[in-house]
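Visitor: Mind having a look at this structure? Questions to follow.
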Amino acid sequence: MKLSIKSLYIVSTPIGNLDDITIRAIDVLKNSDIILCEDTRRSLKLLNHLKIKKKLISYHKFNEKKKLETIIEYLNQGKILSLISDAGTPLLSDPGRLLIQSCISKKIKIIPIPGASSVTAAISVSGFKDQFLFYGFLPKTEKELEKTLSSLCLNNFSQIFFIPAKKINFYLAKFKKFYSGRKLLIAKEITKIHETFFIEDIDQINMFKIPIKGELTVVISEKNIKNKVLNENKIIKKAKLYLKKYSLKDVVDLIFEQEKTNRKKIYQICLNLKKNEKIN
């Protein structure tokens with residue numbers, strides 16, 4: 001396989017099982033002059049498995065700006081570079097965006113080499129709608145997390161997140177709050193020996209009592225709009241809050257978008273509150 005000189009290849013690598021790599025990816029790595037990787041120790045395991053010996057340069061979120069000029073210089077010299085992540089498809093919640101942007105601005109050719117991704121693997125076995133939103137890693141603080149989820153939960157699409165296993169209970173509690181009525185799939189150790197897929201109604205799921213390790217891929221289903229029962233107390237609570245700031249029409253539209261239930265009943269509840277001036 002002949003590679004293009006002065007080119008950056010974005011190479012997808014296995015997410016667990018080392019045999020999940022394409023023939024094309026192997027050829028690209030074999031013919032690269034330099035391989036950029038997050039963790040040289042982890043990448044060496046893959047390259048040793050493939051019997052590939054190449055110059056490795058550590059390239060991660062803490063040094064990507066510092067290494068940028070050197071990498072561009074290598075490319076300008078006509079060298080062939082590959083970028084890989086610790087696992088899966090590079091740049092999906094991984095470093096590399098600054099390099100891609102720099103290559104685009106400098107007219108340096110960028111070539112993607114598709115392959116394994118926990119995102120597509122998880123959604124493919126979920127049974128949820130394949131119209132999905134991939135978010136990646138969620139905020140770590142409670143305030144920022146609630147702000148983010150309060151917006152994301154308005155979306156009807158399936159949603160995919162990366163979650164550190166040790167914090168799964170923290171995030172599950174918030175999913176219960178913002179995604180009531182939906183289903184959730186937790187994918188653990190995809191393609192590995194102890195691969196596990198756990199699926200349950202968000203409202204029914206229990207917290208994990210035994211600590212688990214690693215990184216989880218979590219998929220939340222689309223909204224179940226058809227059979228959703230109107231929760232009058234919930235509507236009243238929201239209406240009281242929103243009517244302090246917004247017009248009756250805007251409040252009805254906002255609550256309907258969130259709850260996807262009977263618009264007429266929502267309107268009547270809001271109208272009665274407004275008429276009776278029960279807003280504190």
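The values are calculated or read from the model by the stated rules, or taken from the named source; none is laboratory data. Worth saying up front: this structure is predicted, and the values here are computed from it rather than measured. Heads up, the Cβs are rebuilt from the backbone with ideal geometry, glycines too, and the neighbour counts pull from every protein chain shown.
Visitor: Which residues, counting only those in the stretch 254-269, are under 21 Å from S150 (Cα atoms), in contact with a helix residue (DSSP H, G or I) (Cβ under 9 Å, 6 or more places away or on another chain) and in a helix (DSSP H, G or I)?
Guide: Of everything in the stretch 254-269, those that are under 21 Å from S150 (Cα atoms), in contact with a helix residue (DSSP H, G or I) (Cβ under 9 Å, 6 or more places away or on another chain) and in a helix (DSSP H, G or I) turn out to be L254, I255, F256, Q258, E259, R263, I266.
Visitor: Okay, next question. Can you tell me which residue is surrounded by the most Cβ atoms within 10 Å (Cβ to Cβ) among those in the stretch 198-224 that are touching a residue at least 60 places away in the same chain (Cβ under 8 Å) and more than 20 Å from S93 (Cβ to Cβ)?
Guide: Among those residues, the one meeting the criterion is S221.
Visitor: When you check E222 against the structure, is it assigned to a strand (DSSP E or B) and of a type in the set (D, E, K, R), yes or no?
Guide: Working: assigned to a strand (DSSP E or B): no; of a type in the set (D, E, K, R): yes.
The answer is no for E222.
Visitor: Test of understanding: among I168, I111, I100, which residue is among the aliphatic types (A, V, I, L, M) and either more than 28 Å from V28 (Cβ to Cβ) or in contact with a His (Cβ under 7 Å, 6 or more places away or on another chain) (or both)? Write out each step before concluding.
Guide: Working: I111 fails: either more than 28 Å from V28 (Cβ to Cβ) or in contact with a His (Cβ under 7 Å, 6 or more places away or on another chain) (or both); I100 fails: either more than 28 Å from V28 (Cβ to Cβ) or in contact with a His (Cβ under 7 Å, 6 or more places away or on another chain) (or both).
The unique qualifying residue is I168.
Visitor: Could you check the stretch 207-223 and list, in sequence order, the residues that are under 19 Å from K174 (Cβ atoms) and small (G, A, S)?
Guide: The answer is S221, and nothing else.
Visitor: Need pairs with beta-carbon distance below 9 Å; first residue farther than 11 Å from F197 by Cβ and within the stretch 115-127, second modelled with pLDDT of 95 or more and assigned to a helix (DSSP H, G or I); sequence gap 6+ or separate chains.
Guide: Cβ pairs passing all conditions: G115/R24; G115/A25.
Visitor: Okay, moving on. Out of (1) at positive phi; (2) not assigned by TED's automatic domain parsing to the domain that holds N17, the odd one out for K167 is which?
Guide: Answer for K167: the failing condition is (1).
Visitor: When the stretch 91-144 is examined, which residues are found to be within 21 Å of K188 (Cβ to Cβ), among the hydrophobic types (A, V, I, L, M, F, W, C) and not in a loop (DSSP other than H, G, I, E, B)?
Guide: Across the stretch 91-144, the qualifying residues are V119, A121, A122, I123, F132, F134, F137.
Visitor: Taking G181 and the conditions (1) out of contact with any helix residue (DSSP H, G or I) (no Cβ under 7 Å at 6 or more places or on another chain); (2) over 15 Å from E222 (Cα atoms); (3) in a loop (DSSP other than H, G, I, E, B), which numbered condition does it fall short on, given that it satisfies the others?
Guide: Among (1) out of contact with any helix residue (DSSP H, G or I) (no Cβ under 7 Å at 6 or more places or on another chain); (2) over 15 Å from E222 (Cα atoms); (3) in a loop (DSSP other than H, G, I, E, B), the lone unmet condition for G181 is (2).
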